[in-house]
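S.K.: Below is one structure. I have some questions about it.
The values are calculated or read from the model by the stated rules, or taken from the named source; none is laboratory data. None of the values given here were measured: they were computed from a predicted structure. Counting neighbours? That spans all protein chains shown, and the Cβs are built from the backbone with ideal geometry, glycine included. SASA here: full protein model, heavy atoms, side chains in, ligands and nucleic acids out. Shrake-Rupley method; radii C 1.70, N 1.55, O 1.52, S 1.80 Å.
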Amino acid sequence: MPSRSKILSLFSAFLVVFTVLAVLLHFAFGFHYVVVLTDSMKPHINPGDLVVAYPAHDVKPGDVILYLLDLGGNRYYITHRVVGVGYDGSGRLYYITKGDNREFRDPWKVYPNQIVGKVLLVVPAVGRLFEYTGVIVLLFFLALIASIAYEIGIVLTEGGAEEKSLERARKTGRMYMVRRARRPGRGHF
């Protein structure tokens, strides 16, 4: 059975590799990670699920896309299915979208420049951890501060114990000199 320290080391290595991979995919390749807040795509995508989208330009009906919508001065990331394609009065291409759990299509047109990407992966319930991000970060820093304080306490306590032990040995006259060799097997300084 592996020791606890090996398990913690493997877990730490996994977290580091996962974090580096997620950051690399986002900044180098344009992947986006979004937590779903509504039930509009139930039963396939539920509130609290993490959606991973990759940049794509070949969008067609049936694809689930992540797009940006400016509505009322706010920006929203929306994950819906493309149900149709159309052209506006000036001949520009737009997409018609709809949530799988909705009766009617979305009342707005989604233009290609609004599309962030196609949904590649849905990770169930992982997004719920993001609700507690502040608490998790706080606990992490408290644990870090506690471990640093513990290490400083050990160093200070050990240093004080050596000095007290040396002082006690001087007072009692029980001091022993230990001669150490510079190189093993040589026996002299």
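S.K.: Can you pull out the residues in segment 102-136 that are polar (S, T, N, Q) and under 18 Å from Leu50 (Cα atoms)?
M.R.: Thr133, the sole residue that qualifies.
S.K.: Can you tell me which residue is nearest to Gly86 (Cα to Cα) among those in segment 38-60 that are modelled with pLDDT of 90 or more and open to solvent by 80 Å² or more (accessible area, probe 1.4 Å)?
M.R.: Checking each candidate, the answer is Lys60.
S.K.: Now for a separate question. If you go through segment 96-144 one residue at a time, how many are among the hydrophobic types (A, V, I, L, M, F, W, C), surrounded by 12 or more Cβ atoms within 10 Å (Cβ to Cβ), outside any strand (DSSP E or B) and in contact (Cβ under 8 Å) with a residue 12 or more places away in the chain?
M.R.: Going through segment 96-144 one residue at a time, the tally reaches 3.
Per-residue answers, yes or no, for (1) at pLDDT 80 or above; (2) within 29 Å of Pro47 (Cβ to Cβ):
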residue	(1), (2)
Gly117	yes, yes
Glu131	no, yes
Ile136	no, yes
Glu151	no, no
Leu166	no, no
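S.K.: Evaluate the following for Leu156: is it modelled with pLDDT of 80 or more, farther than 30 Å from Asp63 by Cα and open to solvent by 100 Å² or more (accessible area, probe 1.4 Å)?
M.R.: no
S.K.: Is it true that Gly73 is at pLDDT below 95 and of a type in the set (Gly, Ala, Ser)?
M.R.: When the stated conditions are applied, Gly73 passes them.
S.K.: When you look at Val36, is it among the hydrophobic types (A, V, I, L, M, F, W, C) and closer than 11 Å to Gly99 by Cα, yes or no?
M.R.: It is false that Val36 is among the hydrophobic types (A, V, I, L, M, F, W, C) and closer than 11 Å to Gly99 by Cα.
S.K.: Something else now. In segment 21-37, how many residues are touching a helix residue (DSSP H, G or I) at 6+ places or on another chain (Cβ under 9 Å) and either open to solvent by less than 60 Å² (accessible area, probe 1.4 Å) or basic (Lys, Arg) (or both)?
M.R.: Looking only at that region, the number is 5.
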